[in-house]
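The values are calculated or read from the model by the stated rules, or taken from the named source; none is laboratory data. Small disclaimer: the values here were computed from a predicted structure and weren't measured. Here Cβ is always computed from backbone atoms with ideal geometry, including for glycine, and neighbour counts include all displayed protein chains. To get the accessible areas, we keep the full protein, side chains included, count just its heavy atoms, and leave off ligands, DNA and RNA. Shrake-Rupley method; radii C 1.70, N 1.55, O 1.52, S 1.80 Å.
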Amino acid sequence: RYVKLAVLGSLAAALVLNTHSLLASLQRNELSERRFLQLNKCPACWGTSWCRKFLNGQLRLESWGRLRLLDFFNVKNVYFARYGEPREGSRRVVLKRLGSAQELADIDTKICRRATGRGRCDLLQALPATEFASLNGDVRLLTPGAVEGWSDLVHCPSQRLLDRLVRRYAETKDSGSFLLRNLKDSERMQLLITLAFNPEPLVLQSFPSDEGWPFAKYLGACGRMVAVNYVGEELWSYFNAPWEKRVDLAWQLMEIAEQLTNNDFEFALYLLDVSFDNFAVGPRDGKVIIVDAENVLVADKRLIRQNKPENWDVWYESKFDDCDKEACLSFSKEILCARVTVDHNYYAICQNLLSRHATWRGTSGGLLHDPPAEIAKEGRLEALLDECANPKKRYGRFQAAKELREYLAQLSNNVR
């Protein structure tokens with residue numbers, strides 16, 4: 001209690017001492033300032049496709065987002081803004097720096113150390129001496145050997161995946177070609193730096209919402225700020241929603257797990273970070289969307305079938321992780337990359353979101369807590385959730401996930 005009072009007192013004092021600067025920050029549009037966007041860091045940045053919109057003042061931070069004193073609490077550097085096109089009115093968008101202030105500073109340090117051996121340097125002069133510039137204009141393709149292991153997205157990349165990343169790269173005017181040499185030097189470096197430090201924009205671009213993938217829509221970037229479509233309130237705000245609503249959301253989450261695991265493209269997208277703040281719900285259509293896609297591992301099932309690593313065709317069961325923290329998951333990236341049939345996504349959704357094992361901000365019982373008396377008495381829902389989170393039978397999670405999807409669909413139809 002005393003700590004909270006001390007923090008509030010410090011904030012109040014800071015507000016009084018900085019009233020003039022606060023008023024100034026509320027009046028000016030920092031999103032049109034190159035320094036705030038860190039445009040000077042480019043090409044060690046996320047892109048420039050939306051710079052004209054930013055610099056022309058078409059985006060403005062929402063009221064409280066303009067107060068720089070509140071950046072202390074905004075550790076993830078996520079902002080809400082209004083974006084307006086002429087004659088079309090404005091809409092809400094989400095702006096992300098894709099890292100905390102310290103993480104972004106670490107990027108600069110790593111680039112400098114790789115180029116000069118020192119922690120500080122001139123980024124623009126250092127970049128040509130890094131691997132981000134070594135893939136020069138003569139290189140035809142971005143190959144697995146060049147980027148394997150740089151991030152979760154390319155922990156085990158196939159040529160097919162990398163061609164898709166380059167072909168759909170949105171920060172170039174010549175998107176559509178999988179030839180790396182068709183990108184400008186600056187675009188190549190931006191792509192590679194994004195791939196190495198936070199590949200979320202590339203996930204959103206390569207598996208876009210317009211094609212039915214359950215991710216937020218990528219809009220563009222300027223410097224170290226990317227813009228994505230605002231989806232709605234985060235999933236945790238529905239923790240105590242009416243039962244009927246929670247059943248529908250749970251069914252959608254299981255459908256997402258199925259789509260990311262089994263799809264016609266034969267790319268398995270495994271969610272390595274699953275928590276209530278990584279999903280959001282559309283206010284109009286009630287659709288569940290993934291809004292944090294930094295930790296997504298993509299395995300190419302075609303390549304696995306072709307290379308046939310050891311036990312490639314043996315079904316893999318994820319091990320239940322009964323830890324005391326929120327959003328725990330147990331997994332082996334190497335196994336995810338080497339098996340065709342994997343239950344990881346079902347496990348992640350059931351354990352961390354739906355079942356009695358799920359905890360979030362002091363709550364427990366999962367999204368499907370406190371079911372109606374008749375459903376609790378029947379016991380089927382609890383049994384399926386338990387088997388999906390912590391299976392007792394061999395391959396029990398696969399069957400439980402299938403039956404749980406069907407059962408939730410039945411419950412959802414019943415309430416409609």
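Picking from Cys112, Cys156, which residue would you name as being farther than 20 Å from Pro43 by Cα, open to solvent by less than 30 Å² (accessible area, probe 1.4 Å) and not assigned by the TED database to the domain that holds Ala268?
Answer to the selection: Cys156.
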Check: Considering Asp248, Asp273, which residue is more than 29 Å from Asn40 (Cα to Cα) and more than 15 Å from the chain's Cα centre (by Cα)?
Finding: Asp248
Next item on the list: State which residue is nearest to Ser186 (Cα to Cα) when the search covers only the stretch 129-138 and only residues that are part of a helix (DSSP H, G or I) and either more than 29 Å from the chain's Cα centre (by Cα) or free of Cβ contacts under 8 Å to residues at least 12 places away in the same chain (or both).
Entry: Ser134
Next item on the list: Report the residue count in the stretch 97-109 for those that are under 16 Å from Cys45 (Cβ atoms), part of a helix (DSSP H, G or I) and either open to solvent by 70 Å² or more (accessible area, probe 1.4 Å) or aliphatic (A, V, I, L, M) (or both).
Entry: 5
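Among residues belonging to the stretch 71-92 that are open to solvent by less than 60 Å² (accessible area, probe 1.4 Å) and outside any strand (DSSP E or B), point out the one that is modelled with the highest pLDDT. Break it down into steps so the answer makes sense when it comes.
Quick first cut of the stretch 71-92, residues open to solvent by less than 60 Å² (accessible area, probe 1.4 Å) only: 71, 74, 77-79, 81, 83-85, 89.
Narrowing the set further to residues that are outside any strand (DSSP E or B) leaves 71, 74, 77.
Working: Asp71: 53, Asn74: 53, Asn77: 89.
Restricting to residues being open to solvent by less than 60 Å² (accessible area, probe 1.4 Å) and outside any strand (DSSP E or B), the top hit is Asn77.
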Check: Hey, which of the helices (runs of 4 or more DSSP H) in the stretch 304-416, taking only ones fully inside, have at least 1 residues that are basic (Lys, Arg) and farther than 21 Å from Ile290 by Cα?
Finding: 373-378, 380-389, 396-415
Margin query: Being at pLDDT 95 or above, of a type outside the set (S, T, N, Q) and under 26 Å from the mean Cα position of the chain (by Cα) is the requirement here; does Tyr407 meet it?
Written below: no
Check: Out of curiosity, is Asp210 open to solvent by 10 Å² or more (accessible area, probe 1.4 Å), over 30 Å from Ser318 (Cβ atoms) and not assigned by the TED database to the domain that holds Asn295?
Finding: yes
Note to self: Can you list residue pairs whose Cβ atoms sit under 8 Å apart, with the first residue in the stretch 366-388 being open to solvent by 30 Å² or more (accessible area, probe 1.4 Å) and the second being β-branched (Val, Ile, Thr)? Count only pairs 6 or more apart in sequence or on different chains.
What the structure shows: none
Margin query: Cβ-Cβ under 6 Å, sequence separation 6+ or interchain: first residue in the stretch 395-415 and closer than 10 Å to Val247 by Cα, partner open to solvent by 30 Å² or more (accessible area, probe 1.4 Å). Which pairs?
Written below: Leu408/Trp251; Ala409/Trp251; Ser412/Trp251; Val415/Glu244
